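To start, the structure under review is shown below, and the notes come after it.
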Amino acid sequence: MAAPRALEETSSQNLEMTIHVNDTAEKIGDEFDYSRRAQWLRAAVLGANDGLVSVASLMMGVGAVKTDIKAMLLAGFAGLVAGAGSMAIGEFVSVCTQRDIEIAQMKRDQQKKITSNENHEEPDENIQREEALPNPAQAAIASALAFSVGAVVPLLGSAFVRDHKVRLAVVAAVASIALVVFGVLGALLGKTPIVKSSARVLVGGWMAMAITFGLTKLIGTGGLQM
């Protein structure tokens with residue numbers, strides 16, 4: 001009777017250890033997944049915030065000296081197209097440079113192992129390292145799309161508002177709400193503090209819009225009206 005009980009206790013302990021190891025592996029896997037999100041998440045959040053803040057600030061700046069709704073919408077649309085293209089090209093070049101640096105480092109590491117007569121890495125390890133390299137096209141597309149999504153918000157928010165002062169207020173309000181939403185989404189996807197992330201994004205957007213509006217208004221009322 002003692003032997004079966006001992007076997008049962010041993011099996012139970014092994015089962016508990018297996019479950020514990022699997023739970024630990026899943027936690028590690030979750031942490032790894034969050035870190036793997038960093039590349040595209042950074043590009044997406046950065047693009048959305050840039051699109052929203054850039055276009056909203058541009059429209060606020062034009063609205064500071066022009067009451068025509070057409071002028072504001074044209075300026076916002078031009079900012080959307082130019083900004084999306086700029087973000088895509090800039091992100092592509094940046095990630096390509098990062099990828100080239102990492103590939104060059106991998107080659108140097110392999111060369112050192114060859115010269116030092118160390119064992120070569122397993123094929124699976126080489127494949128994993130190559131898969132971990134950043135994808136320039138993915139980052140560029142994510143940045144352009146995210147910028148466009150952010151830029152559309154102030155354009156749609158003000159497209160049907162005829163009163164000039166109300167239109168400016170709507171642009172500022174819609175941009176503020178969208179900034180909070182983007183901050184919360186970025187925090188949730190990246191598992192970072194929500195309040196801190198949202199506040200940082202919101203205050204930064206307010207500063208950009210206020211500075212653009214104030215300086216444009218100052219220059220416009222100083223004799224450079226168009």
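The values are calculated or read from the model by the stated rules, or taken from the named source; none is laboratory data. Here the structure is a predicted model, which means the values were calculated and not measured. We work out accessible area using only protein heavy atoms, side chains counted, and drop any ligands, DNA or RNA first. Shrake-Rupley method; radii C 1.70, N 1.55, O 1.52, S 1.80 Å.
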How much area per residue is accessible in the stretch 170-226 when the probe is 1.4 Å and only protein heavy atoms are counted (Å²)? 61
Please compute the Kirkwood hydrodynamic radius of the stretch 145-187 from all pairs of different C-alpha atoms, in Å with one decimal. 10.9
